[in-house]
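Derivation of every value follows stated rules applied to the coordinates shown; laboratory data play no part. All values derive from a computational prediction rather than experimental measurement. All Cβ positions, even for glycine, are placed from backbone atoms using ideal geometry, and neighbour counts span all protein chains on display.
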């Protein structure tokens, strides 16, 4: 197995100019939310560090994470796979199969012991000794544990690997289990979503390869740079929510005007993801932009929380335009009640200050 080339060496061999390389580094820095000056750091890392081997395993899943990944535009998936990383095993897209594929998996894991990244799409079922998911003639959970043993870090792609997703829906007869509950002795980065946004996936890899460390994670093991804010916080329909302007029925006049979808069950107020900023399909749109509420697919347990069209809670808020009279009337009532309460308190104080029979007393 030949030595692993650096990212820059691979790009040069493909005829990429120095100018184009630096432009790529600048775009990568921007996609990661870094300062423009960090492009030089990214360039240095790409010029000096060998490409990191990545082993990509598949458990119980539908391959939607792979489908999302190959559609990344910033950076392009082909640049990630062919240049930034050394994707040495992925039984879905690799040419080898059967014994050849399994032999490659063992060789890479042995040669780059402690230096490769394990990416996992899907989860292992633990019931019946893992027999509900067989890879290479053996339970997937055995393959997962064997390859994770010498990995530098583990990336759990999608809600299947991160939380268990629909495979673990009640009553979960196969005992489909999230990766982090099986692999407990390695750092696990959860990148949830059904599937995750393509650019989020490639950017997580780009960050790890550039800085040789894990991105900052929240308490649920998710990269804060993409899961640090609610979809609701940056949603373009947020002003309508604040104004109390909601879609009441599918395709009603409010829906045509682009009002808030909260009453139609949108889970944006409780879902942490970058959908409303990074968006999908090269930044073109996202579910809310297409007229459908957020399902909360990046949140743990979303599949067992009832109908996707049930609202999170019954919010009672004033709104701005639609309920201005109510706001004014309530404000006046509050002021009036305050005046009455102040007068009552003043009377009590005077009664205490002046004894009975005194001026001002009873």
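Run the Debye formula on the Cα coordinates of segment 231-304, all scatterers equal and no solvent, and tell me log10 I(q)/I(0) at q = 0.18, 0.21, 0.23 1/Å.
-0.66, -0.89, -1.04
If you average the alpha carbon positions of segment 269-288 and of segment 187-246, how far apart do those two centres end up, in angstrom?
Value for the Cα centre distance between the two parts: 9 Å.
If you rank 157, 280 by fewest surrounding Cβ atoms within 10 Å, what's the result?
Numbers: 157 30, 280 18.
So the ranking, lowest neighbour count to highest, is 280, 157.
Assuming a ≥ b ≥ c are the square roots of the Cα gyration tensor eigenvalues, decide whether segment 167-278 counts as rounded (a/c under 1.5), prolate (otherwise, with a/b larger than b/c) or oblate.
Values: a/c = 3.05, a/b = 1.65, b/c = 1.85.
Oblate.
I'd like the per residue volume of the convex hull spanned by the Cα atoms of segment 131-207, given in cubic angstrom.
95 Å³
Mind sorting 294, 235 by how few other Cβ atoms lie within 10 Å of their own Cβ, fewest first? It would help to have the intermediate numbers written out before the result.
Values: 294 28, 235 24.
Least crowded to most crowded, the residues run 235, 294.
Answer rounded, prolate or oblate for segment 7-227, using the Cα gyration tensor with square roots of eigenvalues a ≥ b ≥ c: rounded when a/c is under 1.5, else prolate when a/b is larger than b/c, else oblate. Mind showing how you got there, number by number?
Numbers: a/c = 2.08, a/b = 1.56, b/c = 1.33.
Judged from the Cα gyration tensor, segment 7-227 comes out prolate (a/c at least 1.5, a/b above b/c).
Principal axis lengths of segment 270-312 from Cα atoms, whole Å, largest first?
31, 20, 14
Answer rounded, prolate or oblate for segment 83-154, using the Cα gyration tensor with square roots of eigenvalues a ≥ b ≥ c: rounded when a/c is under 1.5, else prolate when a/b is larger than b/c, else oblate. Intermediate results must be reported in sequence, preceding the final value.
Values: a/c = 1.84, a/b = 1.40, b/c = 1.32.
The shape class here is prolate.
Would you mind ranking 67, 299, 47 so that the residue whose beta carbon has the fewest other beta carbons within 10 Å leads the list?
Details: 67 12, 299 22, 47 15.
Lowest count first: 67, 47, 299.
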